[in-house]
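A quick write-up on the structure given underneath.
The values are calculated or read from the model by the stated rules, or taken from the named source; none is laboratory data. Model, not experiment: these values are computed from the prediction. Here the Cβ positions follow ideal geometry from the backbone for every residue, glycine too, while neighbour counts run over all protein chains shown. Only protein heavy atoms, including side chains, enter the accessible area calculation; ligands, DNA and RNA are left aside. Shrake-Rupley method; radii C 1.70, N 1.55, O 1.52, S 1.80 Å.
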Amino acid sequence: ALPITEFSELMSGFRTDLERRRYSTFDELRSYTRQAAEPIGRLLLYIGGYRAPELHAYAEDLGSALAVARLIQDVPSDWQRGRVYIPAEDLRHFGVTEGDIEHRRVTPQIGALVRYEVARTRALFERARPLVDLVGADLAVELALTWHGGMRILDKIEAMGERLFAERPSLGNRDKAIVLTRALKWRGETLPPRTLHLLSRVLDKT
């Protein structure tokens with residue numbers, strides 16, 4: 001009973017990624033994530049039986065937020081694939097060039113660019129935040145993990161700052177434990193007591 005529209009949009013997004021290698025503005029980048037990422041959020045809700053348009057709007061923001069966070073995280077590796085997802089207008093505004101990406105430079109200008117990209121992506125996550133409070137127990141913890149996982153990688157990106165092109169930020173075991181702890185604190189009441197006990201033992205050993 002899943003609508004075919006979401007799958008058609010995903011295919012369009014995949015086609016765009018094959019054909020397009022640069023984005024002039026953030027609006028253009030969002031056009032891409034609306035095709036390649038947002039349908040996944042809606043499909044998750046459809047599978048869970050959630051069809052309210054307002055919930056789908058939050059899921060779309062969460063899908064785009066996760067996609068943009070990943071694109072910021074993977075700038076050097078995307079360069080190796082011939083792609084630059086950071087909008088050209090942002091690079092130009094902060095005085096950063098594609099040559100800086102190619103040569104993995106470390107500069108204050110890159111640090112300023114990273115702070116801006118992280119702040120804008122955090123705003124997308126905040127737009128999506130109500131979704132975690134509105135869904136039932138069947139999706140609550142999973143969505144809380146997704147939300148906190150995305151926000152945590154933004155923390156790592158921001159900490160990397162001007163070194164973003166030289167070193168890829170990633171989540172270690174400690175970060176994953178933090179994400180899990182925060183997700184359980186947020187919506188962990190939806191899990192059975194035995195599951196919570198097992199998770200707490202895992203966290204103690206992390």
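Some values worked out for this structure:
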| quantity | calculated |
| --- | --- |
| Close pairs from the stretch 145-162: first under 16 Å from Leu71 (Cβ atoms) and modelled with pLDDT of 95 or more, partner part of a helix (DSSP H, G or I) and of a type in the set (Ser, Thr, Tyr), Cβ under 8 Å, at least 6 apart | Leu154/Thr121 |
| Selection status of Asp27, surrounded by fewer than 17 Cβ atoms within 10 Å (Cβ to Cβ), among the acidic types (Asp, Glu) and modelled with pLDDT of 95 or more | yes |
| Hits in the stretch 1-48 (condition: touching a Lys or Arg at 6+ places or on another chain (Cβ under 6 Å) and without any contact (Cβ under 8 Å) to a residue 60 or more places away in the chain) | Glu6 |
| Among the residues listed as Ala57, Ala119, Ala69, Ala88, the single one being free of Cβ contacts under 8 Å to residues at least 60 places away in the same chain, closer than 20 Å to Phe165 by Cα and among the aliphatic types (A, V, I, L, M) | Ala119 |
| Any helices (runs of 4 or more DSSP H) falling wholly within the stretch 110-197 and containing at least 3 residues that are more than 18 Å from the chain's Cα centre (by Cα) | 173-187 |
| Lone unmet requirement of (1) over 27 Å from Gly49 (Cα atoms); (2) open to solvent by 30 Å² or more (accessible area, probe 1.4 Å); (3) aromatic (Phe, Trp, Tyr) for Trp186 | (1) |
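Conditions (1) under 26 Å from Gly149 (Cα atoms); (2) of a type in the set (Asp, Glu); (3) surrounded by 18 or more Cβ atoms within 10 Å (Cβ to Cβ), marked per residue:
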| position | (1), (2), (3) |
| --- | --- |
| Leu71 | yes, no, yes |
| Pro76 | yes, no, no |
| Gly82 | no, no, no |
| Ile86 | yes, no, yes |
| Leu91 | no, no, yes |
| Phe94 | no, no, yes |
| Thr97 | no, no, no |
| Glu102 | no, yes, no |
| Arg105 | no, no, no |
